[in-house]
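The values are calculated or read from the model by the stated rules, or taken from the named source; none is laboratory data. Computed from a prediction, not measured in an experiment: that's the story for all the values here. Positions of Cβ are backbone-derived with ideal geometry, glycine not excepted, and every protein chain shown enters the neighbour counts.
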Amino acid sequence: MLPTFNILIANSHAITAQAYKNTLLSNQQRFPMPLSINLVYSIEAIFEKLKMKDFLSENDLIILDTDFYFSNENKTNSAEQLCEAVKTKINNAKLLVTTSFKDNLRLINILNRVDPNGLLIKSDITDFHLLTAVSNIFSGESYFSKTVINLLKKKICQNIVIDAIDTNILIELSNGSKMVELLKFIPLTKSGIEKRKRRLKQLFETKNNSDRELVMVAKAKGFI
């Protein structure tokens, strides 16, 4: 029996999943081995498939969409958590994430927390980009769509590094939270939070000491 590239396409929209499958199968000549493609349309179905022994090997691929319905019942409450959970169960297989997210913070979270082999923004996806992404990943390379590449370039040029706690402080400030609310959501003391805020204002080179300007600059630079 000839070896194959196994691909699992996980997408809540059956029409989209089938379109991806048709594109890949109609361009088999681009791949050194035949493709074997399975489709699933729910979070529960994803993990049922991944329970199958050796369903995906090191050279195989899951194309995972982030636009699923999340609930306590499926024990997954965010796209990032879904991607992380899947990655722990795919036995070193490759992961290509597709998403409709365009918010910089969400994209950065996926890149940092999940470290996928590829990330495609749905509005960027064409047959060419899908085929190139899958071909590159099977060849051991990464692939990111143009929106993600522009974001990565922007972050590199900014040369600012903030961690998860910094990000949460910025998000809470942007929501209008005062210190009493920050102490509920941020795992730091009042002095610790104030120290973080001073550091952020230095990093973002704010002209005055206001939280409002800090939030405005952070938004302008794409951090929130």
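A quick yes/no check of all residues on (1) in a loop (DSSP other than H, G, I, E, B); (2) outside the structural domain of Leu95 (by TED's automatic domain parsing); (3) surrounded by 16 or more Cβ atoms within 10 Å (Cβ to Cβ); (4) of a type in the set (A, V, I, L, M):
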position: Ile9; (1), (2), (3), (4): no, no, yes, yes
position: Tyr20; (1), (2), (3), (4): no, no, yes, no
position: Met33; (1), (2), (3), (4): yes, no, no, yes
position: Asn38; (1), (2), (3), (4): no, no, yes, no
position: Leu50; (1), (2), (3), (4): no, no, yes, yes
position: Glu58; (1), (2), (3), (4): yes, no, no, no
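So, of the residues in region 66-79 that are at pLDDT 80 or above and farther than 15 Å from Phe47 by Cβ, which turns out to be surrounded by the fewest Cβ atoms within 10 Å (Cβ to Cβ)?
Looking at the filtered set, the residue picked out is Asp67.
Output the number of the condition that Val180 fails; it satisfies all remaining conditions of (1) exposed (fewer than 14 other Cβ atoms within 10 Å of the Cβ); (2) under 22 Å from Lys219 (Cα atoms); (3) among the β-branched types (Val, Ile, Thr).
Condition (2) is where Val180 drops out.
Mind checking which helices (runs of 4 or more DSSP H) fall wholly inside region 132-224 and carry at least 2 residues that are among the acidic types (Asp, Glu)?
Numbers: elements: 146-158, 164-174, 179-185, 190-203, 211-220.
Because the criterion is at least 2 residues that are among the acidic types (Asp, Glu), the helices (runs of 4 or more DSSP H) in region 132-224 that meet it are 164-174, 211-220.
Does region 15-31 contain any residue that is on the phi > 0 side of the Ramachandran plot and in contact with a Leu (Cβ under 9 Å, 6 or more places away or on another chain)?
Checked region 15-31: no residue is on the phi > 0 side of the Ramachandran plot and in contact with a Leu (Cβ under 9 Å, 6 or more places away or on another chain).
Is it true that Thr98 is assigned by TED's automatic domain parsing to the domain that holds Phe144 and crowded, with 18+ Cβ neighbours inside 10 Å?
Values: assigned by TED's automatic domain parsing to the domain that holds Phe144: yes; crowded, with 18+ Cβ neighbours inside 10 Å: yes.
Judged against the criteria, Thr98 is a match.
From the list Leu35, Leu39, Leu82, which residue is at pLDDT below 90 and of a type in the set (A, V, I, L, M)?
On the way: Leu35 fails: at pLDDT below 90; Leu39 fails: at pLDDT below 90.
Step by step, each of Leu35, Leu39, Leu82 is checked, and only Leu82 is at pLDDT below 90 and of a type in the set (A, V, I, L, M).
Of the residues Asn104, Asn136, only one is without any contact (Cβ under 8 Å) to a residue 24 or more places away in the chain, more than 16 Å from Leu64 (Cα to Cα) and not assigned by TED's automatic domain parsing to the domain that holds Val215; which?
Numbers: Asn104 fails: without any contact (Cβ under 8 Å) to a residue 24 or more places away in the chain.
Matching residue, one of Asn104, Asn136: Asn136.
What about Phe185, is it of a type in the set (A, V, I, L, M, F, W, C), at pLDDT below 95 and crowded, with 19+ Cβ neighbours inside 10 Å?
Numbers: of a type in the set (A, V, I, L, M, F, W, C): yes; at pLDDT below 95: yes; crowded, with 19+ Cβ neighbours inside 10 Å: no.
So Phe185 does not fit the description; no.
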